[in-house]
Amino acid sequence: MKKSVAPAPCSLALASLSLLLSFPAPAVARTRFIEPTALHSAGWSERAPSRWPEKAKGPVILAVSLADQRLTIWDNGQVVARSPVSTGVAGHETPRGAFTLLQKQRMHRSNIYSNAPMPFMQRITWSGVALHQGHVTGRPASHGCIRLPADVAKKLFGYTRIGARVIVTDQPVTPAAFEHPKLFSALAPEPAPSALAPPQAEPVRLAALYPGGETDPPKGELILPAATGQPEPAPQAETPKSPVSRQPTGHVSIFISGKERKLFIRQGFEPVYESPVEIRAGAALGAHLFTAMEVDHKSSAVRWSRVSLPVKGVSVSGPAEALEQIEIPQEARLEVGRRLSAGASLIISDQGLGRETGKTATDFILLTP
């Protein structure tokens with residue numbers, strides 16, 4: 001009789017947690033869907049990491065299907081590999097939604113379950129969900145994490161970067177190239193200042209704290225320090241506090257919330273900007289993830305990919321319909337456009353900032369029921 005193997009515990013230690021403006025869409029907006037590149041007919045088996053490219057060619061999206069217990073790895077819009085996985089069992093289900101690789105450790109150990117080893121750990125939530133090496137049966141077997149075969153876990157660890165998006169859905173989803181006039185475009189770089197011109201101080205944009213924070217500065221507020229000469233003292237009592245003391249760099253994420261009717265930007269996992277947006281009354285936006293696959297700041301062109309996430313029991317808009325319900329201020333478009341780079345992501349959702357999106361040190365995480 002075959003001996004059954006009890007599921008090994010899977011938990012992570014809790015951690016601290018365009019110029020292109022894209023003017024309003026014309027009366028008849030043209031949207032173009034482009035079929036994704038088909039899976040190569042040969043050479044891409046489910047468990048052949050040695051056949052993967054040595055390095056990613058562009059933004060990587062990891063798509064996990066709970067029904068199929070399978071991971072599909074998309075690199076620059078193409079499938080490069082698939083692998084079986086084991087996700088969470090009943091009562092410890094792996095959450096569905098859009099996530100981000102937040103942290104990577106070659107060897108992570110749980111401080112909850114007897115120091116259990118989790119090799120090649122890639123965290124997607126600070127509450128305890130990650131991809132890592134583990135016993136894979138092709139069926140749910142974990143306490144919420146996404147287990148990978150040893151060879152896949154090792155190869156994937158070196159293949160991805162912090163900020164890569166991870167999508168978890170019941171049925172498989174396919175990222176597809178997508179064009180729409182209301183998507184953001186890159187901001188063309190400003191000309192370099194003359195060497196003879198006096199130095200100018202760069203405006204610093206304050207970021208607003210999230211709901212529950214201490215203050216909510218006016219939308220689009222710019223603080224302009226004195227360009228030359230003696231700096232003027234700032235009024236101490238009325239200066240809003242900012243969640244960040246400097247302008248961060250790194251991965252860029254944009255979130256448009258139907259519930260809060262706001263656009264939020266994070267860069268390097270830190271909040272840097274927010275602005276109100278107008279959303280048509282009664283509009284259902286659905287849940288959509290857009291990824292900037294390629295960005296050309298000289299021409300302002302951005303090549304976008306999109307994935308629409310299913311929301312149980314709700315009939316929602318497609319990505320084009322969702323975009324057409326939203327009016328974004330010009331200033332906010334400029335703010336996004338100057339920050340865009342390959343790998344930047346945009347989430348549009350009816351939801352607000354969820355429980356997994358902390359005030360700082362994390363990305364926008366969308367949980368879908």
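The values are calculated or read from the model by the stated rules, or taken from the named source; none is laboratory data. Everything quoted here is computed from the prediction, not taken from an experiment. All Cβ positions, glycine included, derive from the backbone under ideal geometry; neighbour counts span all protein chains shown.
Quick test of your reading of the structure: Ser345 fulfils all but one of (1) over 14 Å from Ile254 (Cα atoms); (2) buried (at least 21 other Cβ atoms within 10 Å of the Cβ); (3) under 13 Å from the mean Cα position of the chain (by Cα). Name the failing condition by number.
Answer for Ser345: the failing condition is (1).
Any idea which of Ala301, Ala292 is closer than 12 Å to Ser185 by Cβ, out of contact with any Leu (no Cβ under 8 Å at 6 or more places or on another chain) and at pLDDT 95 or above?
Of the residues listed, the single one that is closer than 12 Å to Ser185 by Cβ, out of contact with any Leu (no Cβ under 8 Å at 6 or more places or on another chain) and at pLDDT 95 or above is Ala301.
Hey, among the residues in region 247-286 that are surrounded by fewer than 16 Cβ atoms within 10 Å (Cβ to Cβ) and touching a Gly at 6+ places or on another chain (Cβ under 6 Å), which one's nearest to Glu324 (Cα to Cα)?
Selected residue: Lys259.
Please verify whether Met121 is assigned to a strand (DSSP E or B) and either among the acidic types (Asp, Glu) or in contact with a His (Cβ under 6 Å, 6 or more places away or on another chain) (or both), treating the condition exactly as stated.
Yes: the conditions hold for Met121.
On the basis of being modelled with pLDDT of 95 or more and out of contact with any Pro (no Cβ under 7 Å at 6 or more places or on another chain), does Pro49 make the cut?
Answer is no for this residue.
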